[in-house]
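Student: This is the structure, below, for whatever I ask next.
The values are calculated or read from the model by the stated rules, or taken from the named source; none is laboratory data. Since this is a predicted model, take the numbers as computed values, not measurements. Positions of Cβ are generated from backbone atoms using ideal geometry, with glycine treated the same way; all protein chains shown enter the neighbour counts. Accessible surface areas use protein heavy atoms only, side chains included; no ligands, DNA or RNA. Shrake-Rupley method; radii C 1.70, N 1.55, O 1.52, S 1.80 Å.
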Amino acid sequence: MGIIKDRFKAKAEQANVEIKEILKEHGSKKIGEVTLAQVYQGMRGITGLVTETSLLDAQEGIRFRGYSIPELQEKLPKAEGGNEPLPEGLFYLMLIGELPTQADVEHITDVWQRRSHVPNHVFATIDALPLDTHPMTMFVVGIMALQTESNFARRYKEGLNKKDYWDATFDDAMDLIARLPRIAAYIYRRKYKNNQHIQPDGLLDWSGNLAHMMGYKDESFFELMRLYMTIHADHEGGNVSAHTTHLVGSALSDPYLSFAASMNGLAGPLHGLANQEVIKWIYEMREELGTESPSKEQIEEYVQKTITSGKVVPGYGHAVLRKTDPRFTAQMEFGKKHMPDDPLVQTVWNIYEAVPPILQSLGKIKNPWPNVDAHSGALLVHYGMVEYEFYTVLFGVSRALGVLASLCWDRALGMPLERPKSVTTELVKAWLEGKDEIWE
Ligand code: CMX
């Protein structure tokens, strides 16, 4: 067994004992009440999941195993000569629950390098799609084609003991993460670079290799990819992509099936697709106003127009957060350091000044502040990645780290099939009239 797998097994065994004890002693304790509004309105604030890898605080933002993004930037190992954390280290932290050493991170880079081979039929399957197919559709189709390689599916068919579910899930998670950069880069080069593909570089780290295979050479773009892959990886368990992986995985669908399902959720404009929507929205604003650098007043007017026409302002708002997303702030810091004079980046900062007061004035929006997607596209455009329909694929490659680490935990903790109760409005009405006691 590999070093990381051994460590994960030891941690999981310990956690299993602790959780059994907690449930034995406190299993009947109530942890909240559910209102009718929550049942009808997206289950906001209902605690109904355990996700070990990260925790979201409405005011402070995300913490990965207790560490904030600035802390991770300081404490996680870096590439040689680099300043940004290597996402390999974040994956280790999420999986094992402890900060990795430089050697741990180099080991994961090596393992992912060794496991990164993508069989030809995956590329042939992507090639069968028309070129104007959205990159997220190509991504999901690529992941589904790769499902032929699932250890979990093969071993389950052979009669896998439930004690070993975690083992096969772990192998699939490592293989899938290792292979995603190759699939993402293939889609990028196929769709936007005339099908001229670039072979992986066996000496690069996971994100560096992705940047290389997409055709970028600037060392600061490699740094951006390391930061990008770190901050998009996880956002606790209730968001659509994380929850979908957990839900589909709970049916013992293998990690490829579970992750592909989650990527269909990430492809929605209220979730991950918002990163492309932000740049599209800014481009449309610039075109309509006839300027590359709209003033704050012009932005305010355009925001009002967006809202009046029944659309959301992409990149703003959040179901849980109630402050500026620290993932936005981390990208803003990156922008200040590497491209402070870039007009598009400056527009993103001007939008940050203009939008919150307007959203606040509507009185119905719970969070008028920017989320992760408000900033990411402008940084990519700076390096020449103008093909904004591709952005959600990058989000997806990163998200694999968190949701697949969590899936390993789901299987190691023996989490059962997820099956919450639903009701009909007929039943709600009967209950309100005192004719049914379903919730008493
Ligand atoms: N622009 C305009 N209206 C917005 C808004 C925005 N950015 N954010 C919320 N609202 C509206 C909602 O549509 C809702 O309107 P109705 O009552 O008319 O239906 C109202 O304000 C209340 O919504 P909320 O409770 O504040 O927000 P939700 O928890 O329902 O939704 C989110 C959260 C993210 C879907 C929403 O803020 C939104 O649509 N934002 C824009 C899309 C976006 O940036 N998504 C990316 C999120 C991060 C990610 O997952 O990647």
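Student: Based on the mean of other Cβ atoms within 10 Å per residue, sort peptides 193-202, 349-358, 207-216, 318-327 so the most packed one is first. Walk me through the numbers before you get to the answer.
Tutor: On the way: 193-202: 11.9, 349-358: 17.9, 207-216: 22.9, 318-327: 19.6.
Per-residue Cβ counts within 10 Å, averaged per peptide and sorted highest first, yield 207-216, 318-327, 349-358, 193-202.
Student: Enumerate the lysines that LYS20 could reach by cross-link, defined here as Cα to Cα under 23 Å, with residues fewer than 8 away along the same chain left out.
Tutor: Once the sequence-local lysines are set aside, what remains near LYS20 is LYS5, LYS9, LYS11, LYS29, LYS30, LYS162, LYS163.
Student: Report the rotationally averaged projected area of region 43-83 based on its alpha-carbon convex hull, in square nanometres.
Tutor: Spelled out: convex hull of the Cα atoms, projected over all directions, averaged, 3.9 nm².
Student: With +1 on each Lys and Arg Cβ and -1 on each Asp and Glu Cβ, how big is the dipole of region 124-193 about its Cα centre, in debye rounded to the nearest 20?
Tutor: 200 debye
Student: What percentage of the solvent-accessible surface of region 17-70, computed with a 1.4 Å probe over protein heavy atoms, is contributed by carbon and sulfur atoms? Intermediate results must be reported in sequence, preceding the final value.
Tutor: Details: 2350 of 4170 Å².
Roughly 56 percent of what the probe reaches on region 17-70 is carbon or sulfur.
Student: Additional query: Apply 1/(1 + (r/R0)^6) to the Cβ-Cβ distance of MET415 and LEU270, taking R0 = 30 Å, and write down the FRET efficiency to the nearest 0.05.
Tutor: Efficiency computed from Cβ-Cβ geometry: 0.70.
Student: List the residues, sorted by chain then number, that are 5 or more residues from GLU236 or on another chain and whose placed amide H is less than 5 Å from its amide H.
Tutor: Counting only residues 5 or more places away or on other chains, the set is SER54, LEU55.
Student: Measuring from label point to label point, each 7 Å out along Cα→Cβ, what is the GLU13 to TYR283 span in nm?
Tutor: About 5.4 nm, to one decimal.
Student: Over all alpha-carbon pairs in region 196-295, figure out the percentage whose distance exceeds 17 Å.
Tutor: More than 17 Å apart: 68 percent of the Cα pairs in region 196-295.
Student: Still on this structure, please answer the following. So how strong a dipole does the chain carry about its Cα centre when Lys and Arg Cβ are +1 and Asp and Glu Cβ are -1, to the nearest 20 debye?
Tutor: Details: 46 positive and 58 negative charges, 162 e Å.
Dipole about the Cα centre, nearest 20: 780 debye.
Student: Can I ask one more? Given the convex hull of the Cα atoms of region 358-417, what is a quarter of its surface area in nm²?
Tutor: Its Cα hull, projected and averaged over all orientations, spans 7.2 nm².
Student: Count the lysine pairs in region 258-376 that are 8 or more places apart or on different chains: how many have C-alpha atoms under 26 angstrom apart?
Tutor: The result is 25.
Student: Quick one: grab the alpha carbon gyration tensor of region 1-108, order the square roots of its eigenvalues as a ≥ b ≥ c, and give me rounded if a/c is under 1.5, else prolate or oblate depending on whether a/b is larger than b/c.
Tutor: Numbers: a/c = 3.26, a/b = 1.52, b/c = 2.14.
Cα axes put region 1-108 in the oblate bin.
Student: Quick one: what are the phi-derived ³J(HN,Hα) couplings along region 152-162, Karplus 6.51/-1.76/1.60 with θ = phi - 60°, whole Hz, x for glycine and proline?
Tutor: 4, 4, 5, 5, 5, 4, 7, x, 5, 5, 4
Student: On to the next question. Using only C-alpha positions, report the orientation-averaged shadow area of the convex hull of region 289-332, nm², one decimal.
Tutor: With the hull built on Cα positions only, its mean projection is 4.3 nm².
Student: Show that you can apply the helix-only estimate: for the chain, add -39,500 (n - 2.57) for every DSSP H stretch of four or more residues, divide by all residues, and state [θ] at 222 nm to the nearest 500.
Tutor: Mean residue ellipticity at 222 nm (helix-derived): -18500 deg cm²/dmol.
Student: Once you have all Cα-Cα distances for the chain, histogram them in 20 Å bins from zero and send the whole-percent values.
Tutor: In order of increasing distance, the bins hold 24, 56, 19, 1 percent.
Student: Using +1 at the C-beta of Lys and Arg and -1 at the C-beta of Asp and Glu, which of SER376, TYR228, THR51 has the Cα lying farthest in the positive direction of the dipole of the chain?
Tutor: So the residue we want is THR51.
Student: For region 91-238, what is the convex hull volume of the alpha-carbon atoms per residue, in Å³? Mind showing how you got there, number by number?
Tutor: Working: hull volume 21.3 nm³, N = 148.
Dividing the Cα hull volume of region 91-238 by its residues yields 144 Å³.
Student: Could you go through region 393-408 in sequence order and give the Karplus-derived ³J(HN,Hα) for each residue, using 6.51 cos²θ - 1.76 cosθ + 1.60 with θ = phi - 60°, rounded to whole Hz, and x for Gly and Pro?
Tutor: With the stated coefficients, region 393-408 comes to 5, 4, 4, x, 4, 5, 4, 4, 4, x, 6, 7, 4, 5, 5, 4 Hz.
Student: From the phi angles alone, apply the Karplus equation (6.51, -1.76, 1.60; θ = phi - 60°) to region 12-29 and give each ³J(HN,Hα) in whole Hz, x where the residue is Gly or Pro.
Tutor: Result, ordered by residue: 5, 5, 4, 5, 4, 5, 4, 5, 4, 5, 4, 5, 4, 8, 10, x, 9, 5 Hz.
Student: May I pose another question? Just need log10 I(q)/I(0) for region 296-414 at q = 0.10, 0.18, 0.23 Å⁻¹, Debye formula, equal scatterers on the alpha-carbon atoms, no solvent, rounded to two decimals.
Tutor: The Cα Debye sum returns log10 ratios of -0.38, -1.03, -1.37.
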